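*Asks:* One structure, pasted below without further comment.
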Amino acid sequence: MLGLDDVGIQTLLKLEADLTGQSLSAFLAFIRQHYALSEVAYYCPSFRGRSLADPFLALAPDHASPDQARARYEAIFGPAFSHGVRALLPIDWAKLPTREGKNGGFGPRPRQGLTIPVRGPTNSIWALFGATSDESDSEWAARRHGLMKDLVHVAHYAHQRAYDLHAKDAPIDLNAITRREIEALEWSAEGKDLAETAAAMRISIDTVKAHLDSARYKLQALNRVHAVTKAIRAGLIR
């Protein structure tokens, strides 16, 4: 299965250079294809000017009318909406008491799904990210752990971009990125893998991962290559 680090940097830079509701939906369409999913959706009712009756939606595949989009949203999130609103951790539909929503309709094939709650950057803002698949239980079980881990990053990245559409966000605080995080980014920029970076920095591989993931989050990047690219553009590393 392709992973997060296989997402091309040009895909991410294009989204950030031309950020619209349509380009965000196009990014979700890319994620859908990249991970061989049936549908991918982002839902947020808490941005300014939005509500439960009129949420911000980004769907893949996209739909021509708001009514069609709303119907697909209900099918995607229906089984786990109430759980997702209350939850802090991702929800695998296979773990829910029932696999079928109120409106029935997942079609004749087995339907798998993930609902990922997202919070922030303020306490009043929350969103849900969802993904569905028509895989069998055994196929889903074989990849859901790695898929969930990747899609948590995707969910937060999509949320950051959606937030950018609805608010004048504060610029990235470069001062929040620590010296050790910058050092880890520098070694990554030179093409070093995790083990080589760990040896150079005289720390464990897990600590290197923690530094890179922290820098990625602070730089609002989706993966490590994206973080390195944004660090170079910001003048943090050469």
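Every number in this text was worked out from the coordinates using simple rules, so none of it is lab data. Just so you know, these numbers come straight off a predicted model, no measurement behind them. Cβ sites come from the backbone with ideal geometry, for glycine too, and all protein chains shown count toward neighbours.
*Asks:* Count charges around residue 178 for me, please; just the other residues with Cβ under 14 Å from its Cβ, Lys/Arg as +1, Asp/Glu as -1.
*Replies:* Surrounding charge for residue 178 is -1.
*Asks:* Separate question: Given 0.36 nm per residue, what is the gain on full extension from residue 165 to residue 53 after removing their alpha carbon distance, in nm?
*Replies:* So the extension gain works out to 38.4 nm.
*Asks:* Right, another one. Viscosity 1.002 mPa s, temperature 20 °C: what is the translational diffusion coefficient of segment 115-167 from Stokes-Einstein with a Kirkwood Rh over Cα pairs, rounded to a whole number of µm²/s?
*Replies:* D, rounded to a whole number, is 174 µm²/s.
*Asks:* Give the order of 47, 27 when sorted by the count of other beta carbons within 10 angstrom, beginning with the fewest.
*Replies:* Neighbour counts put them in this order, fewest first: 47, 27.
*Asks:* Hey, rough spin-label estimate for residue 200 and residue 17, points 7 angstrom out along Cα→Cβ, what's it come to in nanometres?
*Replies:* Between residue 200 and residue 17, the simple spin-label model gives 2.8 nm.
*Asks:* Still on this structure, please answer the following. If the cut-off is 18 Å between C-alpha atoms, which aspartates and glutamates fall inside it for residue 230, apart from same-chain ones fewer than 8 positions away?
*Replies:* Counting by Cα, and skipping residues close in sequence, residue 230 has these aspartates and glutamates nearby: 5, 6, 16, 18, 164, 169, 173, 181, 183, 186, 190, 213.
*Asks:* Still on this structure: Let me know the charge dipole size of segment 174-233 about its Cα centre in debye, to the nearest 20, where only the beta-carbon of Lys, Arg (+1) and Asp, Glu (-1) is charged.
*Replies:* In total the dipole reaches around 220 debye.
*Asks:* While we're on this one: Here are some pairs, 14/149; 95/218; 95/192; which of them have Cα atoms lying more than 29 Å apart in this structure?
*Replies:* Long pairs (Cα-Cα over 29 Å): 95/218; 95/192.
*Asks:* Along Cα→Cβ, 7 Å out, is where each label goes; now give me the distance between the ones at residue 207 and residue 71 in nm to one decimal.
*Replies:* Distance between the two pseudo-spin positions: 5.7 nm.
*Asks:* Hey, if you put +1 on the Cβ of every Lys and Arg and -1 on every Asp and Glu Cβ in segment 154-238, which of 234, 215, 188 ends up farthest toward the positive end of that dipole?
*Replies:* Comparing the listed Cα positions along the dipole, 234 ranks first.
*Asks:* In what order do 228, 40 fall by count of nearby beta-carbon atoms within 10 Å, going from fewest to most?
*Replies:* So the ranking, lowest neighbour count to highest, is 228, 40.
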